[in-house]
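Data first, discussion second: the structure below is written as structure tokens.
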Amino acid sequence: MSKKKHRINYFLLPVFIVLFFACQTEYLPKPKGYNRFDLPKHEYVSLPDTFPYKFEFSKHAKLLNDTSWISERFWVELYYPQYKANIHLTYKVVSNSDSLKEYLDDAYFLTAKHQIKAYAIDESITKTPSGKTVVYAELEGEVPSQFQFFSTDSTLNFLRGALYFNTQVNNDSLKPAIEFVKVDIVNMMNTLEWRFKEPNTL
């Protein structure tokens, strides 16, 4: 009697093993996720008339004073709270050809500083609807600034900008937000006008 019972247990053991493993849930590692951005419609407001330049900027951005220790008059920041993005704008008065060369050299130098981390820097020169020249530099890779630009009338005004994100998230996952802000930057430059048109009026 006991031998027969023993044989039945051995016969059922493989069945129980198969059923046990067949009922197990298969756990797979989750794929790497990216931030989800709910991108609003592009809408714009005009810069206050207290600046020597004017343009339209996104209504989703806050106009802030530059509070850095090297800040100068008319330097501002456009901050996007939703994306923790910041467009840093610096303005210089062109007093002579030497100062213009200095500002141009600085602009190219500040872009070139990112070459260590950037695997590509795509530079383009465009004309705005009003005939102004704008130089754009798009940086690819894990760089702190993904988009930089400047415009000048070569005689009185020089405006430079750089886009930064105050986050540890990699740039691949920030791409939707980067592209969104780039559209706003192009609109800023397309609507750029100089208010300072005569020397010694600031």
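The values are calculated or read from the model by the stated rules, or taken from the named source; none is laboratory data. Just so we're clear, the structure is a prediction, and the values are computed from it rather than from any experiment. A quick note on method: Cβ atoms are made from the backbone with ideal geometry, for glycine too, and the neighbour counts reach across all protein chains shown. The area values use the complete protein model at the heavy-atom level, side chains included, leaving out ligands, DNA and RNA. Shrake-Rupley method; radii C 1.70, N 1.55, O 1.52, S 1.80 Å.
Do we have residue 136 as out of contact with any Pro (no Cβ under 8 Å at 6 or more places or on another chain) and at pLDDT below 95 here?
Details: out of contact with any Pro (no Cβ under 8 Å at 6 or more places or on another chain): yes; at pLDDT below 95: no.
So residue 136 does not fit the description; no.
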message: Under 6 Å between Cβ atoms, which residue pairs at least 6 apart in sequence (or on different chains) link something in region 89-109 that is without any contact (Cβ under 8 Å) to a residue 60 or more places away in the chain with a partner that is of a type outside the set (D, E, K, R) and crowded, with 17+ Cβ neighbours inside 10 Å?
response: 100/94; 103/158; 107/150
Spans of strands (runs of 3 or more DSSP E) in region 31-103 with at least 3 residues at pLDDT 95 or above and open to solvent by less than 60 Å² (accessible area, probe 1.4 Å): 76-80, 85-93
message: Show the residue pairs meeting these rules: Cβ distance below 8 Å; 6+ apart or different chains; first residue within region 156-171 and more than 15 Å from residue 118 (Cβ to Cβ) and open to solvent by less than 10 Å² (accessible area, probe 1.4 Å); second residue hydrophobic (A, V, I, L, M, F, W, C) and modelled with pLDDT under 85.
response: 157/196
field: Residues of region 146-174 that turn out to be in contact with a strand residue (DSSP E or B) (Cβ under 9 Å, 6 or more places away or on another chain) and part of a helix (DSSP H, G or I), as a count
entry: 2
message: Can you pull out every residue in region 175-202 that is at pLDDT below 95 and in a loop (DSSP other than H, G, I, E, B)?
response: 195, 196, 197, 198, 199, 200, 201, 202
